[in-house]
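Each reported figure results from applying straightforward, stated rules to the coordinates on display, with no laboratory input. What you see is a predicted model, and the numbers here were worked out from it, not measured in a lab. Here the Cβ positions follow ideal geometry from the backbone for every residue, glycine too, while neighbour counts run over all protein chains shown.
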Amino acid sequence: MANQKILPGTGGDRYIPFEEREGGSSLVFFTRDLSAAGLKKIYDRVSSVLQGKIAVKLHTGEPNGPNIIPRPWVKELLAEKLQGATVVETNAYYEGGRYTTEDHRKTLDVNGWTEFTTVDIMDEDGTVMLPVKGGKWFTEMSMGRNLLNYDSFLALTHFKGHAMGGFGGSNKNIGIGCADGRIGKAMIHTRPGGDQWGIDMEELMERMAESTKATVDHFAGKIAFINVMRNMSVSCDCEGVAAEPVVTPNVGIIASFDILAADTACVDLVFAMEQKDNAALVERITTRHGLRQLAYMKELGMGNDRYELIDIDNGDAVIGAKDAVKHVVPFS
C-alpha cells in the first residue's frame, strides 16, 4: 500500500467478537434466498422509510464486470417494489469505463442497466457540499449535486472485498459512491500535491466513514441499507473483469435501518465461516485495516455494532452469526 499509516490505538486489523461489544442493539434482517424473490422479500422489511422520490445507490460496475448484483434482480425490484425510483451513481476517480460521464453512460449500456432503468449520474451537473457533523478530517464533503433531488435513499450494496478498504459494504457504497468523481473522491483519497492514492489504511477508513455520514445525516430517518453477500471476490466491482476469482461461499442478503449494524453483521458472517472458506476475505479485510470502518462509524454515532439477526426465512427467528453460517449456500 502507498502509505502504511496506522493511527494509534484504533485497531483496524483486529476483529472484535460480539461478546466484547458494548452499547445499544439494532435489528438486522437476514435471508439465505439469493434471488430476485429474496431481494424483494427482504426489501419489504426496510421499505417503510422510503417515500417520495427515492434514490437507489448501487455499484453498476465496470464494463462486463462479473460480480455485480444481477441486473434481473434489480429490474424486478424496481418494477414491483420501487416504481418511479431512480438508480444513482457518480463518476469514478480513476481512469476507466466510468471516469467521464460520456464513458460512464457507455458502460451503463454495455452492462445492461439502460435496458430497464434510467441512471442518474449525480455529479454530471456539478457538486454540492454537505456538512460532516463531528468529523476530524472534514467539516463538509463534496457530493454529486443531484443527490439533493431525492427524498429518501436505499443503499443497495454488493458486499465484497476491496483492494484499499478491505471490504466494501454500505459504508463504501455511500462514502465513495456518492462523493463526486473529481472533488469529493479526491478529498477522501488524496492530500493536496500528493499521490492520487496517498491516503490508505485507517485514515482512509475514517475519511470514507465521514463522507458516508454526510449522506446518512442528510437522509436521516429516510434511509435503508441492503447488503447482498454473493460473489464476494476480494476485489471491488471497480476492478471489473480483472477482479480476483471468487473463493468465498455465498451467504445471503442482509438489511437494516442501521448502517453500522448492516455492515457489522456481514463482517461477522464472514468471520464466522470456517478458515478454509473465509481465509482470503479475512486476510484482505485485516491487512487493509478495514475493520476501522466499523469502529469509526461507531465513534461517529452512526449506529450500533450489536444487533439481533432476524431470520426472515424461518418465522423471524433470532439467530446468531455462527448459526446463520451453517446455512451458507455454496457458490456455483
Whole-Å semi-axes of the chain's equivalent ellipsoid (Cα gyration tensor): 26, 24, 20
Filter the cross-link list Lys53/Lys106; Lys185/Lys276; Lys57/Lys106; Lys41/Lys136 down to pairs whose alpha-carbon distance in this structure exceeds 29 Å. Lys185/Lys276; Lys41/Lys136
Can you give the FRET efficiency for Asp313 and Phe116, using 1/(1 + (r/R0)^6), R0 = 35 Å, r = Cβ-Cβ distance, to the nearest 0.05? 0.80
Taking just the alpha carbons, could you work out the radius of gyration and Dmax for segment 108-192, both in angstroms? 14.0, 43
Write down the percent of antiparallel bridges among all DSSP beta bridges whose residues are both part of segment 28-325, to the nearest 5. 50
log₁₀ I(q)/I(0) of segment 203-281 at q = 0.14 Å⁻¹, via Debye over equal Cα point scatterers, no solvent, to two decimals? -0.59
Between Asp151 and Gln196, 0.36 nm times their residue separation minus their Cα-Cα distance comes to what? 12.9 nm
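From Cα pairs below 8 angstrom and at least 6 apart in sequence, can you work out the relative contact order of segment 160-299, rounded to a whole percent?
Normalised by residue count, the contact order of segment 160-299 is 34 percent.
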Return the long-range amide H neighbours of Met141 (sequence gap of 5 or more, or a different chain), with a cut-off of under 5 Å between placed amide H atoms. Leu130, Val132
Taking only the alpha carbons of segment 243-302, the radius of gyration and the largest Cα-Cα distance, Dmax, both in angstrom, are 12.4, 36
Binned at 5 Å from 0, what are the whole-percent values of the Cα-Cα distance distribution for segment 1-125, short to long? 2, 8, 14, 16, 13, 13, 14, 12, 7, 1
Gyration tensor (alpha-carbon) shape descriptor, segment 8-55, a/c threshold 1.5: prolate
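Could you give the dipole magnitude of the chain about its Cα centre, charging the beta-carbon of Lys and Arg +1 and that of Asp and Glu -1, in debye to the nearest 20? Please list the in-between numbers first.
On the way: 35 positive and 45 negative charges, 26 e Å.
Here the chain has a charge dipole of around 120 debye.
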Charges at C-beta only: +1 for Lys and Arg, -1 for Asp and Glu. How large is the resulting dipole of segment 164-263 about its Cα centre, in Debye rounded to 20? 280
